[in-house]
1. Return yes or no: is Ser101 surrounded by 15 or more Cβ atoms within 10 Å (Cβ to Cβ) and either charged (D, E, K, R) or touching a strand residue (DSSP E or B) at 6+ places or on another chain (Cβ under 6 Å) (or both)?
2. Output the residues belonging to segment 73-107 that are of a type in the set (Ser, Thr, Tyr) and under 24 Å from Asp234 (Cβ atoms).
3. So how many residues does segment 136-153 have that are within 23 Å of the chain's Cα centre (by Cα) and not aromatic (Phe, Trp, Tyr)?
4. Select from segment 25-56 the residues that are within 14 Å of Thr105 (Cβ to Cβ) and under 21 Å from the mean Cα position of the chain (by Cα) and list them in ascending order.
5. Look at Leu130 and say whether it is within 21 Å of the chain's Cα centre (by Cα) and outside the structural domain of Ile55 (by TED's automatic domain parsing).
6. Restricting attention to segment 1-46, which residues are closer than 29 Å to Val222 by Cβ, small (Gly, Ala, Ser), in contact (Cβ under 8 Å) with a residue 24 or more places away in the chain and not in a strand (DSSP E or B)?
7. I'm told Pro116 meets every condition in (1) closer than 26 Å to Ile228 by Cα; (2) loosely packed, with under 12 Cβ neighbours inside 10 Å except one. Can you identify the failing condition by its number?
8. Identify all residues within segment 9-36 that are more than 24 Å from Gln211 (Cα to Cα) and in contact with a helix residue (DSSP H, G or I) (Cβ under 6 Å, 6 or more places away or on another chain); write none if there are none.
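The values are calculated or read from the model by the stated rules, or taken from the named source; none is laboratory data. Quick caveat: nothing in here was measured; it's all calculated off a predicted structure. Virtual Cβ from ideal backbone geometry, glycine too; neighbours counted across all protein chains shown.
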Amino acid sequence: MWQAPPDALELQPNTVDVWRLSLEQPAPLVARAAELLTDDEAARAARFRFERDRISYTLTRSQLRRLLGAYLDKTPCEIDFVNGNHGKPAVADTSVEFNVSHSGTYSLLAFCQDRPVGVDLEQIRPRKSLALVAEHHFAPGECETVMAPDTDRERLVRFYRCWTRKEAFMKATGQGLALGLKTFEVSVDDDPRLLWVEDGEPEAWQLSDLQIAAGYAGALCVDGVHEIEVRPFDS
């Protein structure tokens, strides 16, 4: 699925570029990535308690700057981030939309022209009290499907499939958790889609699953009633 990027980066109409970034990098590369951070970003990286989180933030943020610079014909250090009402980052004075997620040893970075986009990535790990977590966070129909009689592994896979689809949609709207986890419902089967949305039209959004690597679940959501092409690239 994941392919080498083209020599020149340009966002195409009705297309989302999704980049997979490995967070397992040698120390010299991490040091070079840190050179692209602003003083505020470097200070934020330094506040992480664990080194793995500091490395994850440094690599992901620097790659975000590099890719936005390539799409916008700017240097990485010229990228000026602003935050929306609910904290979703954006770049001032541009129509390029983006979103980022990371988990385990990977990050995902999604880019789109003129369309809100959200992406989520989760490493699949056993969870205690899976039924209670699903009941608390999922709409009733989602919870029923996730916890249907099956093996523990199948229920876990359905849980993360539902979780990443919901997160991707909430991030695409720009509202995040402020939207409310039970104000909409996603499918949990092999056909990713929005089933219903309070005060909205589920058909106005496109959901896609992303095959990241063994042991991971990923999802992408983009605004648009037309078919959206997903171009997956390896960083």
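1. Considered against the rule, which asks whether it is surrounded by 15 or more Cβ atoms within 10 Å (Cβ to Cβ) and either charged (D, E, K, R) or touching a strand residue (DSSP E or B) at 6+ places or on another chain (Cβ under 6 Å) (or both), Ser101 comes out as yes.
2. Across segment 73-107, the qualifying residues are Thr75, Ser101, Ser103, Thr105, Tyr106, Ser107.
3. Counting residues in segment 136-153 that are within 23 Å of the chain's Cα centre (by Cα) and not aromatic (Phe, Trp, Tyr) gives 6.
4. Once the filter is applied, which keeps residues that are within 14 Å of Thr105 (Cβ to Cβ) and under 21 Å from the mean Cα position of the chain (by Cα), segment 25-56 yields Gln25, Arg52, Asp53, Ile55, Ser56.
5. Values: within 21 Å of the chain's Cα centre (by Cα): no; outside the structural domain of Ile55 (by TED's automatic domain parsing): yes.
Spelling it out, it is not the case that Leu130 is within 21 Å of the chain's Cα centre (by Cα) and outside the structural domain of Ile55 (by TED's automatic domain parsing).
6. Once the filter is applied, which keeps residues that are closer than 29 Å to Val222 by Cβ, small (Gly, Ala, Ser), in contact (Cβ under 8 Å) with a residue 24 or more places away in the chain and not in a strand (DSSP E or B), segment 1-46 yields Ala4, Ala33.
7. (2)
8. Here is the first cut: in segment 9-36, the ones more than 24 Å from Gln211 (Cα to Cα) are 26-36.
Answer for segment 9-36, where residues must be more than 24 Å from Gln211 (Cα to Cα) and in contact with a helix residue (DSSP H, G or I) (Cβ under 6 Å, 6 or more places away or on another chain): Val30, Ala33, Ala34, Leu36.
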